[in-house]
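Below is one structure, written out as structure tokens, with a few remarks after it.
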Amino acid sequence: MTSFSPKVDIAESEIEFELHFQIPGMKKEDIKIDLEKDRLTVSGERKMAEEKNEKNFHSVESYYGTFSRSFFLPDNVNVDKIDASYEDGILNIVIPKDEKKEPKKLISIK
């Protein structure tokens, strides 16, 4: 079985992190998002459509097969409010920051 690694854009604002996965041609039912401790994993499989008319492809530049991408989340996120949506071939995952959790502080040396 072949595998591929989808391109991912990561953005951060004062209130959240955003991950944008470029996985066109997939159904949202074929995408799985797991959260285990502080690791977010997105995986799935893009299957090549089986053609009944037995076309001979001269070139296939689309990626097919399985994929899995994992990201370690920082301490200052609210994992209970992670939101995901899939539209126009882009999987968007929004991870809000938790105002109650202080981000790591820089400690000055005296």
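The values are calculated or read from the model by the stated rules, or taken from the named source; none is laboratory data. Note that this is a predicted model, so its numbers are computed, not measured. Cβ sites come from the backbone with ideal geometry, for glycine too, and all protein chains shown count toward neighbours.
Quick check: is even one residue across region 56-65 touching a strand residue (DSSP E or B) at 6+ places or on another chain (Cβ under 8 Å), modelled with pLDDT of 90 or more and under 21 Å from Phe21 (Cα atoms)?
For region 56-65, residues touching a strand residue (DSSP E or B) at 6+ places or on another chain (Cβ under 8 Å), modelled with pLDDT of 90 or more and under 21 Å from Phe21 (Cα atoms): absent.
Quick one: in region 1-18, which of the residues that are within 15 Å of the chain's Cα centre (by Cα) and not charged (D, E, K, R) is surrounded by the most Cβ atoms within 10 Å (Cβ to Cβ)?
Only one residue tops the list, namely Phe17.
State whether one or more residues within region 34-51 are assigned to a helix (DSSP H, G or I) and either modelled with pLDDT of 70 or more or under 22 Å from Phe4 (Cβ atoms) (or both).
In the first step, residues of region 34-51 are kept if they are assigned to a helix (DSSP H, G or I); the result is none.
No, there is no match, as no residue in region 34-51 is assigned to a helix (DSSP H, G or I) and either modelled with pLDDT of 70 or more or under 22 Å from Phe4 (Cβ atoms) (or both).
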